[in-house]
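A.B. asks: Before we start, here is the structure in question, set down as structure tokens.
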């Protein structure tokens, strides 16, 4: 059936061997519309990011770029500004009519931890060709903070699909008419547009900027770190901020987003012409995110923003990204925020789960 594979179909793929793993896949890895991927036991420090390329394996290319190996068994630090390749515990043997896309998990993106999936024969990051059979690797580049990692940690996730399930703008407008996808007017053009909130109600705190020189973050420690040790608060009372080149920001969307139970969504960059910055990393929105069907009342999209070549003035209400909606092949057995640990249901402006709430 055409569409994004829900949790019960992912479990069936594990049973059939279409998804394989060195150690048994854990139940908590299976999300409503995706599968969390686990780090293996070794990391390779490499001198440059690379793709395997058509007809070539990652292992062959690794021999060209490897600098040294790091045993992750007892935990190891991946240093800011360096590039690493980590074989993942999971591998694939997908049917010919199935493709997949990977993305960083929410907490990974909020730490400015660039994590991309590569495959044998791959010519794109995070895109897995139909019928792919082979290993999976995570390329990891910590950009703001050095991090402590261990085998089994889940930094990225993969979503499986059959056929073309992306909603056209006309279908998206019709869906919004039936089930509002945002509060208020929907800006629909190649997806559902969302804008930045720089005039929050009752506060002048609009976001956070990563500090340049900080300690290490242990990714297993939840709610353990003081935000002030790693982040500068961004405050404004005039509805705009100036983004500094090379700096990393956590901001929030003005719109409260709803993902109905029969749909999934993916965050995509807006047109590059709107400014010299990018809203990046943030990826999958599961069925039920912000939805009343899962106990939600809309949830803001957290924006992970990096400015590029020149300082850029970001204005309140400026459209900075879009959500591309896809049909599910079937409704998942469990929705985001309903009966599963969902760290960001009903969220507003929020750092990753590693930081103490203010």
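The values are calculated or read from the model by the stated rules, or taken from the named source; none is laboratory data. All figures in this text were calculated on a predicted structure; none of them were measured in a lab. Because the Cβ atoms are built from the backbone with ideal geometry, glycine has one as well, and the counts that use them run over all protein chains shown.
A.B. asks: I'd like the residue in the stretch 106-121 that is over 14 Å from residue 149 (Cβ atoms) and in a loop (DSSP other than H, G, I, E, B) and, out of all such residues, is modelled with the lowest pLDDT.
C.D. replies: 112
A.B. asks: When the residues of the stretch 173-183 are narrowed to those that are part of a loop (DSSP other than H, G, I, E, B) and touching a strand residue (DSSP E or B) at 6+ places or on another chain (Cβ under 8 Å), which ends up modelled with the lowest pLDDT?
C.D. replies: Filtering the stretch 173-183 for residues part of a loop (DSSP other than H, G, I, E, B) gives 179-181, 183.
After this cut, where a residue has to be touching a strand residue (DSSP E or B) at 6+ places or on another chain (Cβ under 8 Å) as well, the list is 181, 183.
On the way: 181: 92, 183: 81.
Across the stretch 173-183, the extreme among qualifying residues is 183.
So that you can scan it fast, the table gives a plain yes or no per residue for (1) closer than 23 Å to residue 265 by Cβ; (2) outside any strand (DSSP E or B):
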{"residue": "137", "(1), (2)": "no, no"}
{"residue": "151", "(1), (2)": "no, yes"}
{"residue": "160", "(1), (2)": "yes, no"}
{"residue": "171", "(1), (2)": "yes, yes"}
{"residue": "185", "(1), (2)": "yes, yes"}
{"residue": "201", "(1), (2)": "no, yes"}
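A.B. asks: Taking the condition over 20 Å from the mean Cα position of the chain (by Cα) and modelled with pLDDT of 75 or more, does residue 312 pass?
C.D. replies: Criteria met by residue 312.
A.B. asks: Just checking: which of the strands (runs of 3 or more DSSP E) contained wholly in the stretch 1-105 hold 2 or more residues that are closer than 21 Å to residue 284 by Cα?
C.D. replies: Details: elements: 19-21, 35-37, 42-46, 66-71, 76-78, 83-93, 98-104.
Hits in the stretch 1-105: 35-37, 83-93, 98-104.
A.B. asks: While we're here: In the stretch 225-237, what residues are modelled with pLDDT of 95 or more and more than 22 Å from the chain's Cα centre (by Cα)? Lay out the reasoning, then the answer.
C.D. replies: Applying the first criterion (modelled with pLDDT of 95 or more) to the stretch 225-237 yields 225-236.
Once the filter is applied, which keeps residues that are modelled with pLDDT of 95 or more and more than 22 Å from the chain's Cα centre (by Cα), the stretch 225-237 yields 226, 228, 229, 232, 233, 234, 235, 236.
A.B. asks: Could I ask something else about it? When you check residue 41 against the structure, is it in contact (Cβ under 8 Å) with a residue 12 or more places away in the chain, surrounded by 12 or more Cβ atoms within 10 Å (Cβ to Cβ) and touching a strand residue (DSSP E or B) at 6+ places or on another chain (Cβ under 8 Å), yes or no?
C.D. replies: Values: in contact (Cβ under 8 Å) with a residue 12 or more places away in the chain: yes; surrounded by 12 or more Cβ atoms within 10 Å (Cβ to Cβ): yes; touching a strand residue (DSSP E or B) at 6+ places or on another chain (Cβ under 8 Å): yes.
Answer is yes for this residue.
A.B. asks: Whether any residue in the stretch 150-171 is assigned by TED's automatic domain parsing to the domain that holds residue 18, modelled with pLDDT of 95 or more and touching a helix residue (DSSP H, G or I) at 6+ places or on another chain (Cβ under 6 Å) is what I want to check.
C.D. replies: yes
A.B. asks: Spot the failing condition for residue 333; the list is (1) buried (at least 23 other Cβ atoms within 10 Å of the Cβ); (2) modelled with pLDDT of 85 or more; (3) over 16 Å from residue 249 (Cα atoms), and only one is missed.
C.D. replies: Result: residue 333 fails condition (1) only.
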